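First up is the structure itself, then whatever we jot down about it.
Taken together, the values in this text are just the output of simple stated rules run on the coordinates, not laboratory data. It should be emphasised that the depicted structure is a prediction, and the values quoted were computed from it without experimental measurement.
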Amino acid sequence: MIPDWEGVATAINARLSDRGMKQQELAERSGVSVAALRLLQKAKATNARPRTLAAVSEALGWPREHLAAVRDGRTPSDGAARPEPTVAELAAAMEDLRERVAELERVVGEGSSERRA
């Protein structure tokens, strides 16, 4: 079977975009050099080691075997690992929390006013 390096590149690039993550941040999280990541992202890393793919997979919030499965043409398992939320998901959750806190402050403030009266 021919390794699907294009699939690996597509998966990495899409995940970086989804998470709002830069190449440098991925390098720091994975311990893989920016040069090696660049080759993976351009489907030119035809000799990437399994530990490199595992480190990048984990840094992107996937199970260790995710990118190896993509490379091998297998459907990656979701594993037991829960993916890290995207920047957009975190922003939405923060906004929801702000609204809830504001509502609680309003309700508590009304309760305090009623007790004083």
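Compute the helix-to-body angle for 87-116: its Cα long axis versus the longest principal axis of the chain, expressed 0 to 90° and rounded to tens.
10 degrees
Hey, what angle do you get for helix 50-59 against the long axis of the chain, alpha-carbon based, 0 to 90 degrees rounded to 10?
That works out to roughly 10 degrees.
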